[in-house]
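Working notes, beginning with the structure itself.
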Amino acid sequence: MNYKEEIQELRARLNENSYRYYVLDEPTMTDYEYDRLYRRLEELEAEHPEEVTPDSPTQRVGDAVLTGFAKYEHAAPLESLQDVFNAAELADFCAKLEENLGETPEYSVEPKVDGLSVALEYRDGVFVRGGTRGDGRVGEDVTENLKTVRSIPMSLPEKLPRLIVRGEVYMSRAVFAELNELREIAGEKLLANPRNAAAGALRQLNPKIAAERKLDIVIFNLELADGVTFDTHAATLDYLESQRFPVIPRKTLSGTAALQAEIDRINDTREAYPFDIDGGVIKLNVLSKRALLGSTAKFPRWAVAFKYPPEKKQSVIQDITVQVGRTGVLTPKAILEPVRLAGTTVSAATLHNQKHIEELDVRVGDTVTVQKAGEIIPEILEVDFSKRPEGAAPYRLPERCPVCGAAVRQDEDGVALRCTGAECPAQLSRRLTHFASRDAMDIDGLGPAVVKQLAESGLVRNAADLYQLRREDVAKLDRMGEKSADNLLKAVEASKGRDLSKLLCALGIRQVGEKAAQALARRFRTMTALLSATEDELTAIPDVGAVTARAVMEFLGEAQSRDLIARLESAGVRMDSELKSTDGPFTGKTFVLTGTLSRFDRKTAEGRIQALGGKASGSVSKKTTYVVAGEDAGKKLQRANELGVTVLSEDDFAAMLSEAETSL
């Protein structure tokens, strides 16, 4: 077999598996086998770049980061739909349509996917470009990001000159839950809902980031097809299914009663779909009758969207429990008498925090009205005080963590109560991820996904356990293997030598970031000295205020914290610092860096300022000594001029640094 034949065979096998895996859920090979064949294809295409084609599996994720999205003009306008909200409005729509046609026609009834509408264009059977709906006539060209959607076929069995289909890009509920779990572990802001998550991913300028979001698509319309004709909408979807598109589930029905029954069935079984839905769509099935009715300036006359209203029902609060999240926040949850809502059985609803409980005046035994917020999260709307049982007592959150027993503290800038336990099992994943982060112990390869596996497998119960990991145990983790295990253990071992300032940042003490950790390490030099420090000694440090000092004292006062520090020391983790005193040429001077710096990495520049005794700040005030202005400096430069602060160019700043460092 020559290289051309091998390339063709590899592409065929990989594309076949992708179709069966992502569309049919029937994979034909293991992940290992797929990765092995994919790598071989990459090697052959690297050796013979003239053989690379747009439909190759290797072209799904490009290397280039986009600078912006070009306009995408739709060859066939992507129309929006008129909404109806109840059975009477649906019956009225059908009556008018049937009056115009003079008959009772066939309809196609489909779930209305809550995602992002896109058009996909194929030329000679190969996917060439795709765009968002936009205003229906002009959208954004998101071709590179659409290539990352594995259920979109890169090539089709039948090579029509031109084919355009319309579909809905979505993030499955399972992927959404997994993504938010990893974001919570990493301390990132949680995504609001699957639709917003999908829309944000599709508009990422870096296709590799879009690929990480694991988007999916379902096709619901044929917009244009050269060289083939169809009589019905159902026939177009059957054809698209034969071309390996994932196509919307649908039923062909006649009569208002049958339509309403199917709309109700879709609502009742919405949990069976992998995507969120917010209604059902009713369309004329016969295409010639669609053409006869045409469209208004806004909507087609032959289709309508039935929007499901937020369903509200009463239930009884059987208990109030408290969950401890990965960031230590205590969240009260109402345990409800099970009630059916928006197609799912709801048995719990979040109560957010103590303030929310008091505002609603919610108590165990109360009868409450429940709905799904945004069709996703159950929430309590109000209490029916007329049904409150005698003796129902106000509820207060506990003063100690229900998981580990450590004291809880209210955030200074909010209403959240947070566990202070350094070894709290509920916070394990979040704490480990922070411990390994670049500003902390900088353990390469220990990201949220690996941390999650280590925690769930029971291999690690706190940060000290990282230093007891065995090669054979790590190698068994998903997508690790012996080489990856060796690399991770080397990184863990190397972290033992990090400066005390890194460890202080890694411990996750509230209010103690990189700068405060450095200030503490400079002042006390050893962990032993810090453990003996008083609050007054802490507040005397320039970068440690009263709030931070109190947080440090509370953390070091907990038995869990001292146990963790002792175990880390026993494992060989360094407990002292080499950071020099902050006294130097820049002592008492505050610098603000703004704009784009071409000669300096911002973090490196701030480190050099601090090494010379100065302070790097993020905001301009009367206490600012210098503002270093790079290209495109904005409001900070304007503020400096207003306050009369000395502004330095990069050249001025470089000369000042050089002179100060020479004087040491």
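Values in this text are rule-based calculations from the coordinates and carry no lab data. These figures come from a predicted structure and were not determined experimentally. Every residue, glycine as well, gets a Cβ built from its backbone with ideal geometry; the counts of neighbours run over all protein chains shown.
Laid out as a table, the results:
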item: Mean Kyte hydropathy of 0.5 or more with a Cα span along the axis of at least 15 Å, helices from DSSP in the chain; result: 546-557
item: 5 angstrom amide H check on Thr232, placed H, neighbours 5+ away; result: Leu287
item: Proxy reagent accessibility, fewest Cβ within 10 Å first, across Asp465, Asp124; result: Asp124, Asp465
item: Helix-only CD estimate at 222 nm, as mean residue ellipticity for the chain, using -39500 (n - 2.57) per DSSP H run (n ≥ 4); result: -11000 deg cm²/dmol
item: Value of relative contact order over the chain, rounded to a whole percent, pairs C-alpha under 8 Å and six or more apart; result: 9 percent
item: Space enclosed by the convex hull of the alpha-carbon atoms of the chain, per residue, Å³; result: 216 Å³
item: Phi to ³J(HN,Hα) by Karplus 6.51 cos²θ - 1.76 cosθ + 1.60 over segment 354-371, Hz, x for Gly, Pro; result: 4, 4, 5, 4, 5, 5, 7, 6, 7, 9, 4, x, 5, 8, 10, 9, 10, 9
item: Burial ordering of His74, His233, fewest other beta-carbon atoms within 10 Å first; result: His74, His233
item: Note, ³J(HN,Hα) from phi for segment 159-164, Karplus 6.51, -1.76, 1.60, rounded to Hz, x at Gly and Pro; result: 9, 5, x, 8, 9, 10
item: Per-residue HN-Hα couplings for segment 272-277 [Karplus 6.51, -1.76, 1.60; θ = phi - 60°; Hz; x = Gly/Pro]; result: 6, 7, x, 10, 6, 10
item: Cβ crowding within 10 Å averaged over residues, with 236-248, 380-392, 159-171 ranked highest first; result: 159-171, 236-248, 380-392
item: Those lysines that a straight Cα-Cα span of less than 26 Å connects to Lys476, excepting residues fewer than 8 apart in one chain; result: Lys214, Lys452, Lys490, Lys496
item: Cysteines in the chain lacking a second Cys C-beta under 4.7 Å; result: Cys94, Cys505
item: Lys/Arg +1, Asp/Glu -1 at C-beta; the chain dipole; positive extreme among Val113, Ser172, Phe435; result: Phe435
item: Filter on Lys208/Lys283; Lys208/Lys615; Lys112/Lys313; Lys189/Lys636; Lys159/Lys298; Lys189/Lys333 - keep pairs with C-alpha separation over 32 Å; result: Lys208/Lys283; Lys208/Lys615; Lys159/Lys298
item: Electrostatic dipole magnitude of the chain [Cβ: Lys, Arg +1; Asp, Glu -1; Cα centre; debye, to 20]; result: 1280 debye
item: Dipole magnitude (debye, nearest 20) for segment 312-387, charges at Cβ of Lys, Arg, Asp, Glu; result: 260 debye
item: For segment 316-405, with +1 on Lys and Arg beta carbons and -1 on Asp and Glu, the positive-most of His352, Val368, Gly328 along the dipole; result: Gly328
item: Fewest-first ranking of Leu351, Leu190, Leu81, using other Cβ atoms within 10 Å as the exposure measure; result: Leu190, Leu81, Leu351
